[in-house]
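Colleague: I'd like to ask some things about the structure below.
The values are calculated or read from the model by the stated rules, or taken from the named source; none is laboratory data. Predicted model, so just to flag it, every value in this text is computed and none were measured. Heads up, the Cβs are rebuilt from the backbone with ideal geometry, glycines too, and the neighbour counts pull from every protein chain shown. For the accessible areas, the whole protein counts, side chains as well, though only heavy atoms, and no ligand, DNA or RNA atoms are used. Shrake-Rupley method; radii C 1.70, N 1.55, O 1.52, S 1.80 Å.
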Amino acid sequence: MEKTYIPKAAEISQDWVLVDASGQNLGRLATQIASILLGKHKPNFTPGMDSGDYVVVINTELVQVTGKKLQ
């Protein structure tokens, strides 16, 4: 039986990620940002630990929406 690896506080690094929202769909962009905030893109991801990165989103006025979401 394998044990769950829990990273130490010194092993967790939180970086800044710049996301350009121009031309992207709103829902797909939201799921991508949520994954970065949770830290699921890192190899030392552990549920329940704050190992995610900080996110800055630019060009939010150019995001694409479908249907009647603008109304």
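Colleague: Can you give the calculated 222 nm mean residue ellipticity of the chain, where each DSSP H run of n ≥ 4 adds -39,500 (n - 2.57) and the sum is split over every residue, rounded to the nearest 500 deg cm²/dmol?
Modeller: After summing the helix terms and dividing by the residues of the chain, the value is -6000 deg cm²/dmol.
Colleague: Could you compute the net charge surrounding L37? Neighbours are other residues with a C-beta less than 10 Å from the C-beta of L37; K and R count +1, D and E count -1.
Modeller: -1
Colleague: For the chain, what relative contact order do you get, as a whole percent, if you take Cα pairs closer than 8 Å and at least 6 residues apart?
Modeller: Over the chain, the number comes to 45 percent.
Colleague: First compute the accessible area of the chain with a 1.4 Å probe, then give the percent of it belonging to carbon and sulfur atoms.
Modeller: 57 percent
Colleague: Could you give the angle, 0 to 90 degrees to the nearest 10, between helix 26-38's Cα long axis and the longest principal axis of the Cα atoms of the chain?
Modeller: Tilt of helix 26-38: around 20 degrees.
Colleague: If you build the Cα gyration tensor of the chain and take the root of 5 times each eigenvalue, what three semi-axes come out, in whole angstrom, biggest first?
Modeller: They are 32, 14, 7 Å, listed from largest to smallest.
Colleague: About its Cα centre, what dipole magnitude does the chain give when the only charges are +1 on Lys and Arg Cβ and -1 on Asp and Glu Cβ, stated in debye to the nearest 20?
Modeller: Roughly 300 debye, rounded to the nearest 20.
Colleague: Compare the peptides 5-11, 24-30 by average per-residue count of other Cβ atoms within 10 angstrom and give them in order, highest first.
Modeller: Order by mean packing, descending: 24-30, 5-11.
Colleague: Give the residues of the range 40-56 whose amide nitrogen is closer than 17 Å to a point set 7 Å from the Cα of D15 in the direction of its Cβ.
Modeller: Label zone hits: 40-46, 51-56.
Colleague: Could you list which residues have their amide H under 5 Å from that of V17, counting only those 5 or more apart in sequence or on another chain, with H placed in the peptide plane?
Modeller: Y54, V55, V56
Colleague: Shifting gears a bit: For the chain, what is the accessible area per residue in Å² when the probe is 1.4 Å?
Modeller: Computed with neighbouring chains in place, this is 80 Å² per residue.
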